[in-house]
Amino acid sequence: MSRYILKRLLSAIPVLLLVSIAAFVLIQLVPGDAAAIIAGPDASNDEVEFVRRQLGLDRPWPLRLQDWIFGLAQGDLGYSYILNRPVTEAILERLPVTLSLAGLSIIFATVLGVALGVLAAVFHRSWIDALAMTVALFGVSVPNFWFGLIAILIFAVGLGWFPPGGYVSPTESFTGWLSAMALPALTLGTASMGQISRFSRSVMLEQLGQDYVRTARAKGLGQGNVIGRHALKNAMIPILTVIGISFSLTMAGAIIVESVFSLNGLGRLMLHGIQRRDYPVLQGGMLVIAFSFVIINLLVDILYSWLDPRVRYD
Amino acid sequence: MTDLTAFRSFSTRLTTRMSAAHLPLLIGGVIFGLIVLAAALGPFLTPYGPEDTSLMERFKGPSLAHPFGTDSFGRDILSRVLHGGHVSLGIGLAVITISAGLGIAIGATAGYFPRLDNPIMRVMDAGEAFPTLLMAIALAAVLGPGITNVILALGVAYAPRTARIVRASILVLSQQQFVEAARASGAGPLRIIGLHLLPNAMAPVVVQMTFIFADAVLAEAALSFIGVGPPPPAPTWGNIIADGRTYLYSASWITLFPGLAIFLTVLSLNLMGDGLRDLLDPRLKKVT
Amino acid sequence: MAEPLLDVSDLTIALKIGARSINIVDGISFRIDPGGRLGVVGESGSGKSMIALALTGLLPNVMQLVSGSIRFQGEALELAPPARMRQIRGRDISLVFQEPATALNPVFTTGRQVSEVLREHEKISAREARNRTIELFRQVGIPAPERRISDYPHQMSGGMRQRVMIAMALACRPRLLIADEPTTALDATIQEQIIDLLAALQEETGVAVMLISHDLPLVAEFAEQVMVMYAGRVAEIAPADTIFEAAMHPYTRGLIACAIGLETGTSRLPTIEGQVPPPLQFPPGCRFASRCPHAAAQCAQSVPGLQPIGPQHVAACLRLDQMTKLEVAS
Ligand SMILES: Nc1ncnc2c1ncn2[C@@H]1O[C@H](COP(=O)(O)OP(=O)(O)OP(=O)(O)O)[C@@H](O)[C@H]1O
Ligand SMILES: [Mg+2]
């Protein structure tokens, strides 16, 4: 088992390296004088030259790439001359907001998505199936930023159940945090919920037709046991992959949803980065999201081996 | 119970699957057709231009004269939504063309030449580690806003998905006898791929293109909304919603109608994708 | 005659396709005595598995029990509510399926899957269930049971998996064990081992066994009574020890000829011409008529009923009298 995990960890390294190179290349694509852009619009000639030397933009690209990779290895994502602080620091400050948003919406999407998918499969071709799949189809079809605005209109402005935006730290007030994150998490999780329930349904349908399900019934086990334990544990193996993919969808969606709900997270930081052409921040944010995707997939694979003995022992 | 499957394949499947696939395809097709028609005929359907302002007619709620109401400049929302459809559908179409072209080229190369498979697919892995939307945002941010850049960004961002599907089909197909036969008769790789492999690998690609279209409409709207899409005053659906956002509490119709337009378009495309998948390739998993 | 353990009469199971309904199993009657051994033979598609599933209330959704009665220890199972059937399944009647490779859940240990039946039906502690599982593994001949209970299905061979299935089926000491082609998926040598094991366990525990198979000699060897099925109907029920000599139905005789041909390895394998018609093409009269060498005009029209031939021996053929003559002649 540990051999398997080790192998997966090692195979993630080249992907991480490629991702880092991709983020590096991105900045090279910026048209015009990168140093002038990064230094900011108000920078003097001397300042631009200083930035050029600091960033090593006067040196050949292989050396710069090398510096970038070595910096990354030490957790250094570069320096933002517009924010006047290290990118890593700026991102770390915003990360809790984005992580709690993404985490809550994935929990919401997984719980509701799997439940709907399983119900739809168990009551295949009944009104329950139709209803669950309509909800799922709504989830994958509705634009999340619009859904968020409508949710604010109804639940925050109209009914006054939740605040219309802003972040509350859970260490300050846990209930405040939950109520502040409820609408954003719902908004962000809706698409993943739809995707997860559509997929869960087809996987579950497949599992319910398997011989071992008939065996479980022949043993006299109840419906709950047959579906909730025997079939679901098998179904969760492929469903996990989709949850992993959904997580990356969620991290990217956070950029938009944070803007709808005025949450000062990584997404908004990046958005400001785009508006102010603060490329080091944009680059750092992209890298963090891509890394989180690779790490989540790694976790998914490790969970796999815990769920599926065939993977564990191979 | 070996004969069971054979028997089922022609009784149950033929009857129930046909109708099960046709219903979503039909509903989706009709809705999508109406949307395309409305977008195409947009200029003739309303008396106002999408950018015609009128100080007298600001913030008017839905009425007979302005079924979808007007915005802060007195522009007719219906006209803007219809024009937005023009832009959104056009972008969607361009995106699926580019992503299919790139995806097929990359996927076929990886699938047919075993030596290139691993390096190409690792690059695809890295590409997919950036969520599509993020990649599009980054490219649009670097290249600058504008319709062409949005199309390029999304087209490139969706290519790995198509590539993966094409590669998988090609891998299976190239093991088959008719390909061996073609190879033995001296056909070159280009001929084999183009003439023998791709035509047989198209069904899942078509299904995927429908879903990518749906995703591209959503992504373009999101890009416009956060300000990295086609710049205002271009009446894209995302731009109209971004405009309306400031007046969300007082003039919610500005936000409501373009959102519904996006929702219906994406919904109809997803329905068509579901139907096509069940019809063309029942075994494809429901990952979109 | 003692009260039978299981008394099935006029059992009819229909397949629903839209508004149509086809009798996949058509008016079947048989009985099994306590501790008895009934063999069921028939080609693929003759409805054997559907009978097994109907007896345990596990028919797939597309199938419907149309008529007939199933008396098990005097209880009418066709009327039993699902909750009652659940109590009976695995405790009083258990099933062993054809494919041990897929019949076990791949993500649970084999030991857990056996102890699960015990814990479902006999509220016992986890520890006790574990001890009894080890004992059961030993009983079905799995070496080193203390270790093997933590094996997953994929770590076992086909024969071992089928032993696990048998252990699972016998865990709660049922009165009836239905084995649906338990050896079809296994190698010839393993097949014999499994049948021997079933026979030994049957003697030991006194459980009644209904053994379903394609293989007439195998069934005749094991069972006391053999029921031969053709396209959802009973062709003949005969005592196992005399079936090879006393068979009266042309289909049974055909099966015997095939079996003997296989045994002696004659160059020209005798087979029954043609195939079992698919359910949609079942003819109105005798369903075997189209393949029967002795068929007459009446066979295409009327459905043959079961005729008594001797003690414990019945056959369903309109031309039974001619059959006897034919036999004398040959
Ligand atoms: N789920 C189902 N849907 C439709 N038809 C079915 C289904 N299950 C079984 N059948 C049909 O019912 C008939 C009887 O099937 P059954 O499985 O009982 O045959 P069998 O005698 O057990 O055959 P085998 O030796 O292959 O196991 C067959 O014609 C089969 O095609
Ligand atoms: Mg069977």
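Accessible surface area normalised per residue over the protein assembly as shown is 43 Å², counting heavy atoms of protein chains with a 1.4 Å rolling probe. Relative to the compact-globule estimate of 2.2 N^0.38 Å, the Cα radius of gyration of region B:170-231 comes out at 1.79. Considering all different alpha carbon pairs of the protein assembly as shown, the Kirkwood hydrodynamic radius works out to 32.4 Å. Look at the Cα gyration tensor of region B:237-277: its axes a ≥ b ≥ c give a/c of at least 1.5 with a/b over b/c, and that counts as prolate. The GNM of chain A, with springs linking C-alpha atoms under 10 angstrom apart, assigns the highest mean-square fluctuation among A:P143, A:P280, A:P31 to A:P31.
Near C:A235, the amide H atoms lying under 5 Å from its own belong to C:V228, C:M229, C:Y230; only residues 5 or more places off or on other chains count, and H is placed 1.01 Å from N. Projecting the Cα atoms of A:W306, A:S246, A:S200 onto the charge dipole of region A:195-314, computed from C-beta unit charges around the Cα centre, puts A:S200 farthest toward the positive end. Note the angle between two axes, namely the Cα long axis of helix A:45-54 and the longest principal axis of the Cα atoms of chain A, as a number of degrees from 0 to 90, rounded to the nearest 10. The angle comes out at about 50 degrees. Largest first, the three principal axis extents of the alpha carbons in region C:19-118 are 41, 30, 30 Å in whole numbers.
In loop segments of region B:208-288 as defined by DSSP, the trypsin sites (Lys or Arg not before Pro) with at most 11 further C-beta atoms inside 10 Å of their C-beta are B:R283. Among beta bridges identified by DSSP and lying wholly in chain C, the antiparallel ones come to about 60 percent. Note on region A:1-150: Kirkwood radius taken over Cα pairs, Stokes-Einstein applied at 10 °C and 1.306 mPa s, translational D equal to 79 µm² s⁻¹. Non-local lysine pairs in the protein assembly as shown, meaning eight or more places apart or on different chains, with alpha-carbon distances under 26 Å, amount to 8. A quarter of the convex hull surface defined by the alpha-carbon atoms of region C:72-173 gives 6.9 nm² as the mean projection.
If you take the Cα centroid of region A:1-65 and the Cα centroid of region A:253-314, the two points sit 18 Å apart. A straight line joining the Cα centroids of region C:141-182 and region C:60-94 runs 24 Å. Global dimensions of region A:79-132 from alpha-carbon coordinates: Rg and Dmax equal 20.4, 60 Å.
Mean projection of the Cα convex hull over all viewing directions, computed for region A:195-294: 8.1 nm². A simple spin-label model places pseudo-atoms 7 Å from Cα toward Cβ; at A:V157 and A:I5 they are separated by 5.0 nm.
Hey, if you drop one equal point scatterer on each alpha-carbon of chain B and run the Debye formula without solvent, what base-10 log of I(q)/I(0) do you get at q = 0.12, 0.13 Å⁻¹? Values returned for q = 0.12, 0.13 Å⁻¹ are -0.85, -0.94. Phi-derived couplings, Karplus 6.51 cos²θ - 1.76 cosθ + 1.60 at θ = phi - 60°, listed residue by residue for region B:179-185: 6, 4, 4, 5, 5, 4, 7 Hz, with x used for Gly and Pro.
Remark: C-alpha extents of region B:11-156 on the principal axes read 68, 55, 23 Å, sorted largest to smallest. Would you work out what percent of the accessible area of region B:47-87, with all protein chains in place, is carbon or sulfur (probe 1.4 Å)? Carbon with sulfur: 65 percent of the solvent-accessible area.
For chain B, adding -39500 (n - 2.57) for each run of n ≥ 4 DSSP H residues and dividing by the number of residues yields -24000 deg cm²/dmol at 222 nm. Backbone N atoms of region A:57-100 closer than 11 Å to the 7 Å Cα→Cβ label point of A:Q28 belong to residues A:60-66. The residue among A:L18, A:S292, C:P308 whose Cα reaches farthest toward the positive pole of the charge dipole of the protein assembly as shown, with charges on the beta-carbon of Lys, Arg, Asp and Glu, is A:S292.
This model, with +1 at the C-beta of Lys and Arg and -1 at the C-beta of Asp and Glu, gives region A:85-220 a dipole about its Cα centre of some 440 debye. Building the convex hull from the alpha-carbon atoms of chain A and averaging its projection over directions returns 20.4 nm². What residue among A:N234, A:N84, A:N144 has the largest mean-square fluctuation in a Gaussian network model of chain A, using Cα springs under 10 Å? Comparing A:N234, A:N84, A:N144 in a Gaussian network model of chain A, the most mobile one is A:N84. In the protein assembly as shown, taking the dipole from charged Cβ atoms about the Cα centre, the farthest positive-side position among A:I255, C:V276, B:P47 is held by B:P47. Among the trypsin sites (Lys or Arg not before Pro) within region B:78-141, not one is in coil by DSSP while having at most 13 neighbouring Cβ atoms inside 10 Å. On the beta carbon distance between C:E245 and C:A296, with R0 = 30 Å, the FRET formula returns roughly 0.75. Net charge dipole, the protein assembly as shown: roughly 180 debye, given to the nearest 20, about the Cα centre with Cβ charges of +1 for Lys and Arg and -1 for Asp and Glu. A simple charge model with +1 on the Cβ of Lys and Arg, -1 on the Cβ of Asp and Glu and nothing else charged puts the dipole of region C:1-140 at about 520 debye relative to its Cα centre.
Using a Gaussian network model of chain A in which every pair of alpha carbons under 10 angstrom is joined by a spring, one finds that among A:S197, A:S105, A:S20 the greatest mean-square fluctuation is at A:S20. The phi torsions of region C:34-44, fed into the Karplus equation with coefficients 6.51, -1.76 and 1.60 and a -60° offset, translate into couplings of x, x, x, 10, 10, x, 10, 10, x, 5, 4 Hz, rounded to whole numbers, with Gly and Pro shown as x. Entry for region A:135-179 at q = 0.22, 0.28, 0.30, 0.32 Å⁻¹: log10 I(q)/I(0) = -0.82, -0.93, -0.96, -1.00, Debye formula applied to identical alpha-carbon scatterers, no solvent contribution. Between the helical axis of A:266-275 and the longest alpha-carbon principal axis of chain A there is an angle of about 40 degrees.
The values are calculated or read from the model by the stated rules, or taken from the named source; none is laboratory data. The structure presented is a predicted model; accordingly, all values stated were derived computationally and were not measured. No Cβ is skipped: glycine too gets one built from the backbone with ideal geometry, and neighbour counts run over all protein chains shown. The accessibility values were calculated without ligands, DNA or RNA, using every heavy atom of the protein model including side chains. Shrake-Rupley method; radii C 1.70, N 1.55, O 1.52, S 1.80 Å.
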